[in-house]
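Here is the structure we will look at.
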Amino acid sequence: MQKIKRLLTNRDEMMELIRYLIAGVLTTLLSLVIAYGCYILLSEKHTINAANAAQLLVGNIVSWCVAVVFAFWINRKMVFRVQGGTAGSKRKEFVEFVGARVASLLLFELGLAELLKWMGISNFWNRLIVLVIVMVFNYVASKFWIFKGKTQQAQHVDGPAETGNAERRG
């Protein structure tokens with residue numbers, strides 16, 4: 001509860017949330033453009049609505065993969081402002097990020113959506129509930145697992161070195 005309170009009262013935390021929402025909008029727009037582009041390219045009539053089930057599936061898979069790669073990059077750089085890292089640490093972060101996205105896809109997009117549908121909740125509310133839960137899950141996974149402490153580590157590592165260099169210069 002204290003973390004939630006801090007999140008809502010701390011300016012830096014609030015700005016991080018805003019950056020996360022902006023990154024989410026950009027990722028969603030990219031995903032839509034890629035999916036619709038695939039539908040148009042793959043369908044015989046080259047229109048969105050002419051794509052068959054297999055073409056829709058291919059478009060959705062390509063769109064999801066591109067969106068996850070983009071989301072990793074924008075979350076790492078813009079949202080959580082992680083600097084540096086070795087190739088191995090970046091690879092580990094990416095694998096964890098993809099793992100979290102696969103988990104949210106399976107748990108919420110497929111599992112929870114089906115449960116809500118079975119309970120008789122309309123498609124509109126079903127989709128809205130699932131989107132909010134996925135967004136919260138992905139933020140929590142990124143902040144407290146994948147990129148946990150990375151921004152503080154980067155600042156801590158850079159801070160003393162800069163201070164030491166300044167002291168030597170002065």
Restricting to Cα pairs below 8 Å that are 6+ residues apart, what does the relative contact order work out to for the chain? Please round to a whole percent. 19 percent
Counting lysine pairs in segment 85-152 that sit 8 or more positions apart or on different chains, with Cα atoms under 27 Å apart, gives 6
Cα gyration tensor of the chain - equivalent ellipsoid semi-axes, whole Å, descending: 37, 21, 13
Longest site-free stretch - the chain; sites: trypsin sites (Lys or Arg not before Pro), DSSP loop, at most 15 other Cβ within 10 Å: 82-147
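Bear in mind these aren't lab numbers, they're just calculated from the coordinates by the rules spelled out. All values derive from a computational prediction rather than experimental measurement. Here the Cβ is made from the backbone with ideal geometry for all residues, glycine too, and neighbour counts use every protein chain on show.
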